[in-house]
Amino acid sequence: MTPQLPCPICQGTGRVPAGDSKYKAMTHGYDPATDTLWCGNCGGQTMMARGTGLVPARADGTACVHKYVGTQAGRCYWRYRCVHCGDGYDMDSGD
């Protein structure tokens, strides 16, 4: 099993600053108390959209900053895999 390390994007919190988007309050996972969103490197990019604060280690032992490549696996179904660590998730838009 690949070791899990604190996410280098959110430093293990699972959340990142929301920034200046005028639509952030309508974004799933937005927390107005902290002005943050779920981290898109450790889980916020998935269908469940919740940052976990942990990511798999790369082969060199460092925490992964993912680079996902998608392949279409069905009409509205996409499979994404990280080119660095092999982490993956699937998206089904249901259209």
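Each value in this text was obtained by applying a stated rule to the coordinates, not by laboratory testing. Since the structure is predicted, the reported quantities are computational estimates derived from the model, not experimental observations. Counting neighbours? That spans all protein chains shown, and the Cβs are built from the backbone with ideal geometry, glycine included.
Things worth noting here:
- With Cα atoms as the point set, the radius of gyration and Dmax of the chain evaluate to 14.2, 41 Å.
- Counting beta carbons within 10 Å around each of 78, 38 and listing the fewest first gives the order 78, 38.
- For a 4.7 Å threshold on C-beta separation, the list of partnerless cysteines in the chain reads 76, 82.
- Scalar couplings 3J(HN,Hα) for the stretch 62-71, obtained by applying the Karplus form with A = 6.51, B = -1.76, C = 1.60 to θ = phi - 60°, are 8, 5, 7, 9, 5, 10, 8, 10, x, 10 Hz; x denotes Gly and Pro.
- Taking the charge dipole of the chain about its Cα centre, with +1 at Lys and Arg Cβ atoms and -1 at Asp and Glu Cβ atoms, the residue from 14, 27, 55 reaching farthest to the positive side is 55.
- When each of 15, 81, 75 is scored by the number of other beta-carbon atoms lying within 10 Å, the sequence from fewest to most is 75, 81, 15.
- Per-peptide average of other Cβ atoms within 10 Å, ordering 57-65, 22-30 highest first: 57-65, 22-30
- Spin-label model distance (nm) - residue 83 vs residue 31, 7 Å beyond Cα toward Cβ: 3.3 nm
- Listing 82, 42 from fewest to most neighbouring C-beta atoms within 10 Å gives 82, 42.
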